[in-house]
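Have a look at the structure below before the remarks.
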Amino acid sequence: MNGGAMLNAYPDSLGGTLSDIAQLLESEAFADAFRSFYILPSVFNTDLDRGFSVISYDLNRMLAAPEDVKRLKENGIDLKLDFILNHLSVLSPQFQDILKNGDASPYRDFFIDWNQFWAGCGEMTDAGYIQPEEKYIRGMFFRKPELPILMVRLPDGRDVPYWNTFYQQVRYDPVDAQDLMRASDMQYGEATVLAARLDAGLEAGQKPQELDFTGFERYREACIQLLEMRRKYLGQMDLNLKSERVWAYYDSVLGKLAEYGAAIVRLDAFAYAPKTPGLRNFMNEPDTWDTLERIRQMADSHGLTLLPEIHDPYAPGTYEKVARKGYMTYDFFLPGLVIDAIENHDGTRLMRWAEELREKNIHTVNMLGCHDGIPMLDLKGLLSDEAIEKLIALIVSRGGMIKNLHGAKNVYYQVNCTYFSALGADERKMLLARAIQLFMPGKPQVWYLDLFAGENDLEAVRRGGEAAHKEINRTNLTVEEATARLLQTEQSLADREAEIAAQDEELRISNMQLIEREAALNEALAELEQAQLELQASQLSAQEREELLAALQTQLEGQQAQLEDQQAQLEDLIGVRSRIIVQLASALNEANVQVDTDQNTGAIRLSSEVLFNVGQAVLKPEGERFLQRFIPVYMDVLLSEEYADSV
């Protein structure tokens, strides 16, 4: 695994296919910018949740081809790919085999049968599933307000509950008269009328048991059975870690990801995978660590680095436990801390986090924007609740959308918003945020939309309907749009550079004028001194000497007043930049940080030997200590309240 920057996108985010992105990465604008590419899982054969409901890890033929991943590899770009440990799609071959063969399926125990899992721990309900006793589920963490169950109809007509932590959809196909006639002794006329009524009810979202059979009551049970047997599903079904077939499947998936060119494998939702009655159902210990270790042994055999994905508050220290076990971790704290530092002109908390990463030698992948929202839950314990609520309110005021756990208010999880919009669509803030990220410890991951100053896509949210809040930050761009935005960004940077150059020229001219005026003042002072000497030599009367001195003094005061007026005008021209230079030099001097500060431009100069040994590209320990002293002083001056409106 290399330490270079990593692009993050869906395979259709830029141009529509992975081939388009590969071509874009070969362009001059992107040359050598990225060494890695995190391709989100819609690159695989998937259905729901834009890729996170995997049918199989075969490439999605509409978006990617083997030659595309080969092309990326040949260009020196390794991949980060997802492996979803916890679940697999209803449409996967394994689950479809259960629907077809029922108890005779070799995959019958591949997924978690809810009733078998909770046997002896609760009571069977009339709906056909076990309701666990309160003592077992009181402390369990569920992603839904209701029990995580999908009722599945097997070929023998039984409804069996399967564990379903995340998404699910149940759909009933419409029927026609012939379908109803085959299911009962209904006549054609009756079947035609009833089929139309049933289809209208299904279209309105009614379940078979809720449909209106008035006048056709004798056919009710037969019709309901017909509809239930034709039931279709979408969903993410939890895998049974107690099945050795699941572990064989895990190993085959890791092998396939390695063949695609993966260097990093992101373990999505791994903390939900190990399950035991009565435990939390999230980061169960020691089961979670045992599971990760077994996966790591498989990954090592395929030359893969694991990146467990977990959102948990800072306070319990889960991120540190993951790091101590020898895994890379996601820096989900950085996005919120950077916004907090920039908006409050206070880098204290951000700096403290950077120091912790270095002191504890925590290896991270960090980011600003991503395919999900800006994490808020993770910040608990790192920022005060008041500071987090203030941060949420700020981002929401700029168009962000709150994602709460279980749909409950005030149980915040993340805010869905583009990072550029979260910063008030301010290009200067975005550039500063990116610079901070690139100099933070860790491998930087860059969300594609942030490269183009992408703003909130509220229209995509409206088009997506319910639960489409994530689409606010997933705008697909054509190749033409991406190219145009790059040109626009380059022009904006060029304009800004020209503006700075013009200001530098103004400053240079003003400095020259100041030097000339200082020279004139020195000349006047010299003349005054000479005049005083001549007065003494000529032995003039006291009165004459006083009159001459008074005249010279008046002349000098007039020149000094003129110089002060000119200096005030110059101060207006030099403005904030000069004050920053003076204060920066003073602060560095007070902190005993030995650097050369150019008083005209503010440039910081130091000998390369301070940071590096001759011929070496690795920071010396003395260099690291120097930067640890220098950067806080430098950032404190730039982010001080005095320059809040200018920096």
**OP:** Of all residues in the range 476-487, count the ones that are at pLDDT 85 or above and open to solvent by 80 Å² or more (accessible area, probe 1.4 Å).
**Re:** 2
Original post:
Taking the range 196-210, which residues are open to solvent by less than 70 Å² (accessible area, probe 1.4 Å) and either in contact with a strand residue (DSSP E or B) (Cβ under 8 Å, 6 or more places away or on another chain) or outside any loop (DSSP other than H, G, I, E, B) (or both)?
Top reply: A196, L198, D199, A200, G201, L202, P208
Original post:
When the residues of the range 604-635 are filtered to those that are under 30 Å from K429 (Cβ atoms), more than 31 Å from the chain's Cα centre (by Cα) and open to solvent by 40 Å² or more (accessible area, probe 1.4 Å), which remaining residue is modelled with the lowest pLDDT?
Top reply: L606
**OP:** Under 9 Å between Cβ atoms, at least 6 apart or on separate chains: pull out the pairs that start in the range 621-632 with a residue that is closer than 20 Å to T597 by Cβ and end on any residue that is of a type in the set (D, E, K, R).
**Re:** F626/K620; Q628/E355; Q628/R358
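Select, from D596, D572, the only residue that is within 24 Å of L638 (Cα to Cα), modelled with pLDDT of 75 or more, open to solvent by 40 Å² or more (accessible area, probe 1.4 Å) and of a type in the set (D, E, K, R). Talk me through it step by step, then tell me what you get.
Working: D572 fails: modelled with pLDDT of 75 or more.
Just one listed residue meets the conditions, D596.
Considering the range 381-413 alone, what residues qualify as being at pLDDT 90 or above, more than 14 Å from G454 (Cα to Cα) and either open to solvent by less than 30 Å² (accessible area, probe 1.4 Å) or not in a helix (DSSP H, G or I) (or both)? Break it down into steps so the answer makes sense when it comes.
Of the residues in the range 381-413, the ones at pLDDT 90 or above are 381-401.
When the remaining residues are screened for being more than 14 Å from G454 (Cα to Cα), the result is 381-397, 401.
Listed by number, the residues that qualify are G381, L382, L383, S384, A387, I388, L391, I392, I395, M401.
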Original post:
Considering only residues of the range 235-271 that are free of Cβ contacts under 8 Å to residues at least 60 places away in the same chain and under 25 Å from Q445 (Cβ atoms), which is most open to solvent (accessible area, probe 1.4 Å)?
Top reply: E259
Subject >> Residues (open to solvent by 70 Å² or more (accessible area, probe 1.4 Å), farther than 30 Å from T125 by Cα and polar (S, T, N, Q)) located in the range 160-195 >> reply: Q178, Q187
Subject >> the range 335-380, residues that are open to solvent by 50 Å² or more (accessible area, probe 1.4 Å) and under 21 Å from Y413 (Cα atoms) >> reply: R349, K380
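Which helices (runs of 4 or more DSSP H) does the range 80-143 wholly contain that include 3 or more residues that are modelled with pLDDT of 95 or more and not polar (S, T, N, Q)?
Result: 93-101.
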**OP:** Can you tell me which residue among E527, E459, E490, E499 is loosely packed, with under 11 Cβ neighbours inside 10 Å, of a type in the set (D, E, K, R) and assigned to a helix (DSSP H, G or I)?
**Re:** E499
Subject >> Scope the range 276-297; condition open to solvent by less than 20 Å² (accessible area, probe 1.4 Å), in contact (Cβ under 8 Å) with a residue 40 or more places away in the chain and in a loop (DSSP other than H, G, I, E, B); matching residues >> reply: N281, F282
Subject >> Long-range neighbours under 8 Å by Cβ, at least six apart or interchain, first residue small (G, A, S) within the range 222-234, second assigned to a helix (DSSP H, G or I) >> reply: A222/A183
Original post:
Is it the case that the range 303-321 has a residue that's in contact (Cβ under 8 Å) with a residue 40 or more places away in the chain, buried (at least 20 other Cβ atoms within 10 Å of the Cβ) and either part of a helix (DSSP H, G or I) or among the small types (G, A, S) (or both)?
Top reply: yes
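In the set R220, R171, which member is part of a helix (DSSP H, G or I) and either modelled with pLDDT of 95 or more or of a type outside the set (S, T, N, Q) (or both)?
Details: R171 fails: part of a helix (DSSP H, G or I).
Among R220, R171, only R220 is part of a helix (DSSP H, G or I) and either modelled with pLDDT of 95 or more or of a type outside the set (S, T, N, Q) (or both).
Go through the range 435-456 and count every residue that is in a helix (DSSP H, G or I) and either touching a Leu at 6+ places or on another chain (Cβ under 7 Å) or hydroxyl-bearing (S, T, Y) (or both). Before the answer, list the steps.
Here is the first cut: in the range 435-456, the ones in a helix (DSSP H, G or I) are 435-439, 448-451.
Those left that are additionally either touching a Leu at 6+ places or on another chain (Cβ under 7 Å) or hydroxyl-bearing (S, T, Y) (or both): 437, 448, 450.
Qualifying residue count, the range 435-456: 3.
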**OP:** Go through (1) open to solvent by less than 90 Å² (accessible area, probe 1.4 Å); (2) hydrophobic (A, V, I, L, M, F, W, C); (3) farther than 19 Å from D346 by Cβ one by one and return the number of the condition L638 breaks.
**Re:** (3)
**OP:** Check whether at least one residue in the range 83-97 is of a type in the set (G, A, S), touching a strand residue (DSSP E or B) at 6+ places or on another chain (Cβ under 9 Å) and within 29 Å of E471 (Cβ to Cβ), and report yes or no.
**Re:** yes
Original post:
Could you count how many residues in the range 42-60 are open to solvent by 20 Å² or more (accessible area, probe 1.4 Å), modelled with pLDDT of 90 or more and more than 17 Å from K73 (Cβ to Cβ)?
Top reply: 7
Original post:
When you scan the range 17-41, how many residues do you find that are part of a loop (DSSP other than H, G, I, E, B), closer than 21 Å to Q488 by Cβ and at pLDDT 95 or above?
Top reply: 1
**OP:** Considering only the range 364-380, state which residues are part of a loop (DSSP other than H, G, I, E, B), touching a helix residue (DSSP H, G or I) at 6+ places or on another chain (Cβ under 7 Å) and closer than 21 Å to P441 by Cα.
**Re:** L368, G369, M376
Original post:
Only one residue in G157, G102 is farther than 22 Å from N240 by Cβ and either surrounded by fewer than 19 Cβ atoms within 10 Å (Cβ to Cβ) or acidic (D, E) (or both), so which one is that?
Top reply: G157
**OP:** Kindly check whether there is at least one residue in the range 256-267 that is at pLDDT 95 or above, farther than 30 Å from L18 by Cβ and aromatic (F, W, Y).
**Re:** no
Subject >> Only listed residue being among the aromatic types (F, W, Y), open to solvent by 30 Å² or more (accessible area, probe 1.4 Å) and touching a residue at least 40 places away in the same chain (Cβ under 8 Å), chosen from F95, F141 >> reply: F141
Subject >> Filtered residues of the range 357-383 (kept if more than 8 Å from the chain's Cα centre (by Cα) and among the aliphatic types (A, V, I, L, M)) >> reply: L357, I362, V365, M376, L377, L379, L382, L383
Subject >> Lone unmet requirement of (1) in a helix (DSSP H, G or I); (2) within 45 Å of the chain's Cα centre (by Cα) for A519 >> reply: (2)
**OP:** Tell me which residues, restricted to the range 149-168, are of a type in the set (A, V, I, L, M) and either in a loop (DSSP other than H, G, I, E, B) or free of Cβ contacts under 8 Å to residues at least 12 places away in the same chain (or both).
**Re:** L154
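The values are calculated or read from the model by the stated rules, or taken from the named source; none is laboratory data. All of these numbers come straight from a predicted model, not from anything done at the bench. As a convention, Cβ positions derive from the backbone with ideal geometry for all residues, glycine included, and neighbour counts pool all protein chains shown. The accessibility values were calculated without ligands, DNA or RNA, using every heavy atom of the protein model including side chains. Shrake-Rupley method; radii C 1.70, N 1.55, O 1.52, S 1.80 Å.
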